[in-house]
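Q: Structure provided below as structure tokens; questions to follow.
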Amino acid sequence: MLQRKIEQERLSEEEQRISDRRKGYTAAVFFSVLVGFSFLGIKVSQPYADSLNILCYRYDFAFAVIVIMMLAGIVRTNIGSRPKGKLILTAAFYVGFMALQVAGLVFATSVEGAIVFAIIPIIVKVIASIFLGEKSTWKENVFVGLSVSALLLMILMGAGTLDMDPLGAVLLLLSSVSMALSNVFMRYARNDCRPIEITVTIVMLGFIVFNCAAAVSSIINGESFGDYFAPLMHPQVFVATAYLGIGCILLSAHLMSYMLSKMEAVKGTIFGNLSTAISIVAGVVILGEPLEWYHIVCTLLIIAGVIGLCLSGGKKTASEIKEE
């Protein structure tokens, strides 16, 4: 009887683990699609507002929705009782990633930025191995390398001449490291903080930081309070930044935090490469950009790398074994 009970408990745990992974992968797919179409919102907004203002609007919309949901009782958090260090560091690295990205793209092109960001899964893999003890099998390393290499090849094939400013390269690299650290900390905090609590902290910190930066910029440039909101008077900018804020910050940060609570850091992060591939393919389909043979081949290789990584089993971390 005891043996049968133990076996049933093991089966139940295994079923729960499989269910969690399925939920994590479902969240990852939605994350990839949301972020993959973010380039449309950015393209629509850029003629009317600078990068800092667009970033502020994004966090304004995300913050407004969070406040409304909290007042309506849809979202409930208990941030006060959570480890402050984990929450603040996770949010700070996420916000730092966006700040460094905006600064870096002043000195580099979006193509150059995409090249640097393509290596984030490799950075996550190294950091997660050191700080979380997440070890990879040789199969997983192959699939990570396949996805990263295919994305880099796709970007480079369509880039033409590259001549990146050294300052831009440093800022973008720091941005990638900051994103990697944020992902690792989301994974690290999974047992102490709920995904929604991490999301709320990210949104609130970003709202404060970027609006303070915009206020300082407005004072320096002699702009009025009305100048801040002027771009939002254009319906297309309002809709685009609402999508960027609600879909690509609020929902995507929550989905990223959720899926990193269900899967290893590198497996969650690799879906960022899938988002970039979706952006490139969507540009072809929606904006009528040229479709080249390497778009098709590299996209298939990226998808193969992501699927292969998800299906390949890695070694359990020390913390996971202890939890069991």
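Q: Consider segment 77-98. How many of its residues are touching a residue at least 12 places away in the same chain (Cβ under 8 Å) and either out of contact with any Leu (no Cβ under 9 Å at 6 or more places or on another chain) or open to solvent by less than 40 Å² (accessible area, probe 1.4 Å) (or both)?
A: Qualifying residue count for the region: 13.
Q: Of all residues in segment 144-169, count the ones that are farther than 23 Å from LEU291 by Cβ and either modelled with pLDDT of 90 or more or in contact with a Ser or Thr (Cβ under 6 Å, 6 or more places away or on another chain) (or both).
A: Final tally of qualifying residues: 2.
Q: Being in a helix (DSSP H, G or I), open to solvent by 60 Å² or more (accessible area, probe 1.4 Å) and either under 21 Å from VAL29 (Cα atoms) or in contact with a Phe, Trp or Tyr (Cβ under 6 Å, 6 or more places away or on another chain) (or both) is the filter here, so list the residues in segment 215-245 that pass it.
A: Step one: of segment 215-245, the residues in a helix (DSSP H, G or I) are 215-221, 225-233, 235-245.
Those left that are additionally open to solvent by 60 Å² or more (accessible area, probe 1.4 Å): 216, 219-221, 225, 227, 229, 233, 235-236, 238-239, 243.
TYR243 - this is the single residue of segment 215-245 that is in a helix (DSSP H, G or I), open to solvent by 60 Å² or more (accessible area, probe 1.4 Å) and either under 21 Å from VAL29 (Cα atoms) or in contact with a Phe, Trp or Tyr (Cβ under 6 Å, 6 or more places away or on another chain) (or both).
Q: Next question, about the same structure. Scan segment 99-126 residue by residue and report those that are farther than 20 Å from GLY158 by Cβ and open to solvent by 20 Å² or more (accessible area, probe 1.4 Å).
A: ALA99, LEU100, GLN101, VAL102, ALA103, VAL106, PHE107, ILE122, ILE123, LYS125, VAL126 - these are the residues of segment 99-126 that are farther than 20 Å from GLY158 by Cβ and open to solvent by 20 Å² or more (accessible area, probe 1.4 Å).
Q: Also: So ILE270 passes all but one of these: (1) closer than 22 Å to LEU87 by Cα; (2) β-branched (Val, Ile, Thr); (3) in contact with a Ser or Thr (Cβ under 7 Å, 6 or more places away or on another chain). Which condition number does it fail?
A: That leaves (1) as the condition not met.
Q: Collect the residues in segment 49-108 that are within 17 Å of SER182 (Cα to Cα) and among the hydroxyl-bearing types (Ser, Thr, Tyr), keeping them in residue-number order.
A: Of everything in segment 49-108, those that are within 17 Å of SER182 (Cα to Cα) and among the hydroxyl-bearing types (Ser, Thr, Tyr) turn out to be THR90, TYR94.
Q: Among the residues of segment 252-264, are any open to solvent by less than 10 Å² (accessible area, probe 1.4 Å), at pLDDT below 90 and not in a helix (DSSP H, G or I)?
A: Yes, segment 252-264 contains at least one residue that is open to solvent by less than 10 Å² (accessible area, probe 1.4 Å), at pLDDT below 90 and not in a helix (DSSP H, G or I).
Q: Identify, please: which residue in segment 43-52 is in contact (Cβ under 8 Å) with a residue 12 or more places away in the chain and not in a helix (DSSP H, G or I) and is, among those, most open to solvent (accessible area, probe 1.4 Å)?
A: TYR48
Q: Continuing with this model, one more query. If you go through segment 13-42 one residue at a time, how many are in contact (Cβ under 8 Å) with a residue 12 or more places away in the chain and of a type in the set (Lys, Arg)?
A: Filtering segment 13-42 down to residues in contact (Cβ under 8 Å) with a residue 12 or more places away in the chain leaves 13, 20-21, 23-25, 27-42.
Retained after the next criterion (residues that are of a type in the set (Lys, Arg)): 21, 23.
Residues in segment 13-42 being in contact (Cβ under 8 Å) with a residue 12 or more places away in the chain and of a type in the set (Lys, Arg): 2 in total.
The values are calculated or read from the model by the stated rules, or taken from the named source; none is laboratory data. Quantities reported herein were computed from a predicted structural model and do not represent experimental measurements. Heads up, the Cβs are rebuilt from the backbone with ideal geometry, glycines too, and the neighbour counts pull from every protein chain shown. SASA here: full protein model, heavy atoms, side chains in, ligands and nucleic acids out. Shrake-Rupley method; radii C 1.70, N 1.55, O 1.52, S 1.80 Å.
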